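The values are calculated or read from the model by the stated rules, or taken from the named source; none is laboratory data. Computed from a prediction, not measured in an experiment: that's the story for all the values here. Don't worry about glycine lacking a Cβ; one is built from the backbone with ideal geometry, like all the others, and counts go over all protein chains shown. Just the protein is used for accessible areas: all its heavy atoms, side chains included, with ligands, DNA and RNA removed. Shrake-Rupley method; radii C 1.70, N 1.55, O 1.52, S 1.80 Å.
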Amino acid sequence: EDIIITTDPELITFEQAFAEAQKSRPDLRAEELRVKSAELGVKIAKGSYYPNLGIGGSLSTNYARASGFDAPAYGKQLDTNLSYGVGASVNIPIYNNGSVKTNVQNAKINVESAILNQDQVIENLKTNVQQALANARASKKKLEASEKTLEAQTLAFENTTKRLDIGSANTFEWESQKTQMENAEISRLMDKYNYLFNIKILEFYLGKPLKL
């Protein structure tokens, strides 16, 4: 069964392939989020340099059930026994500047590490796309060469068959030419599916669905 290949690697530039590959890579998005998270960590660490203001409050009441008809009503008891409180606190960092500075430096190191990891993922993707495009182009040229070889061997076999019919070629020559044609056909078939395999890898980076 003939498989139709719709992607031509010769018509695709590396810039196009790499741009498409970046759109469909969740690992790149994950690295971007890690960088943003690390940058936020620096801001959080720097926040410890500044005073902290805390405000709190409380509100409570109670109800006691008493026997007899002279017991205060439920709602009146809640209102009478109502108590509340408000408090505020200020924390001014004086002696912890050393630890805060260390935390800020560590947070900055985390940012640099996240950026390096992101750059490494991008470089790996760039290398993979370059290799996929190069493999697809090379396998296409090899397939084209093997198709020409098969055409030549088929023509040679047909000529040998005609020569055998008129007695100008022997059976050994005919068998030898037939074997060469069959080998060329096998090589073309192998090159065809190698090209198909490499095209599917390229299409994966292009964000195309993998199907036959």
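Worth pointing out:
- When the alpha carbon gyration tensor of the stretch 105-212 is reduced to an equivalent ellipsoid, its three semi-axes come out at 54, 11, 8 angstrom, largest first.
- Largest GNM mean-square fluctuation across Thr161, Thr61, Thr102, computed for the chain with C-alpha springs under 10 Å, falls on Thr61.
- In the chain, Cα pairs under 8 Å separated by at least six residues give a relative contact order of 30 percent.
- A simple charge model with +1 on the Cβ of Lys and Arg, -1 on the Cβ of Asp and Glu and nothing else charged puts the dipole of the chain at about 1120 debye relative to its Cα centre.
- In this calculation the C-beta distance from Ile55 to Lys108 is compared with R0 = 35 Å, giving a FRET efficiency of 0.65.
- Full extension of the chain segment joining Leu155 with Val121 gains 7.2 nm, where the gain is 0.36 nm per residue of separation less the Cα-Cα distance.
- In the complete set of protein chains, residue-level accessible area for Glu15 is approximately 130 Å², probe 1.4 angstrom.
- Segments 50-59, 140-149, 113-122 sorted - mean Cβ within 10 Å per residue, highest first: 140-149, 113-122, 50-59
- Relative contact order of the stretch 139-203: 49 percent, from C-alpha pairs under 8 Å at least 6 residues apart in sequence.
- Linear extension gain, Ile4 paired with Asn170, 0.36 nm per residue minus alpha-carbon span: 55.7 nm
- With R₀ set to 22 Å, the beta-carbon distance separating Glu32 from Gln131 gives a calculated FRET efficiency near 0.40.
- Since only Met181, Gly85, Val100 are under comparison, the one whose Cα sits farthest along the positive direction of the charge dipole of the stretch 84-212, derived from C-beta charges on Lys, Arg, Asp and Glu, is Gly85.
- Dipole-positive endmost among Pro51, Leu33, Asn62 within the stretch 27-66 (Cβ charges, Cα centre): Asn62
- In the full protein context, the stretch 104-175 carries 64 Å² of accessible surface per residue, based on a 1.4 Å probe and ignoring ligands, DNA and RNA.
- Helix content alone sets the calculated 222 nm mean residue ellipticity of the chain: runs of n ≥ 4 DSSP H residues at -39500 (n - 2.57) each, divided across all residues, give -24000 deg cm²/dmol.
- Here the mean projected area of the convex hull built on the C-alpha positions of the chain is 27.8 nm².
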